[in-house]
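Here's the structure, in structure tokens; my notes come after.
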Amino acid sequence: MAEAPIFAAGMAAKLRSQWDRDGGLGQNDNALKFLGQDYESLRAQCLQSGKLFEDHLFPCTTSSLGFKELGPRSAKTSGIRWMRPTVRKRGTRGRSLLDGWC
């Protein structure tokens, strides 16, 4: 059974965070899930569907970049182009994104 989350503030929060890190929380084999997303299940879905991953929790819109200085109407975000890394087929020169990503 999973432990109930502990909510703390101030020094208690700092201690809890340190204990979690000392216990391996956040390491590759004990990663924190972002909003409940699980890498293995997302990868399996991508492989089954044959489609590249698109994060509906982090859409390709300027509102995902922030607010105020990086907001949707900011001069700093005008002209932003969302791009995806090139995916090479297995067996081509170099490491393929398909080797570790969906």
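The values are calculated or read from the model by the stated rules, or taken from the named source; none is laboratory data. As the structure is a prediction and not an experimental result, all values here were calculated from the model. All Cβ positions, even for glycine, are placed from backbone atoms using ideal geometry, and neighbour counts span all protein chains on display.
What the table shows:
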| item | result |
| --- | --- |
| Filter result for the condition that a residue is exposed (fewer than 10 other Cβ atoms within 10 Å of the Cβ) and among the hydroxyl-bearing types (Ser, Thr, Tyr), over Ser17, Ser41, Ser63 | Ser41 |
| Subset of the range 21-38 that is part of a helix (DSSP H, G or I), over 13 Å from the mean Cα position of the chain (by Cα) and at pLDDT 80 or above - its residue that is surrounded by the most Cβ atoms within 10 Å (Cβ to Cβ) | Arg21 |
| Count of residues meeting criterion [under 11 Å from the mean Cα position of the chain (by Cα), more than 23 Å from Arg81 (Cβ to Cβ) and charged (D, E, K, R)] in the range 39-70 | 0 |
| Identity of the residue in the range 80-89, modelled with pLDDT under 80 and farther than 23 Å from Gln37 by Cβ, that ends up surrounded by the most Cβ atoms within 10 Å (Cβ to Cβ) | Arg88 |
| Exclusive hit being part of a loop (DSSP other than H, G, I, E, B), modelled with pLDDT under 80 and polar (S, T, N, Q), set Thr77, Thr92 | Thr92 |
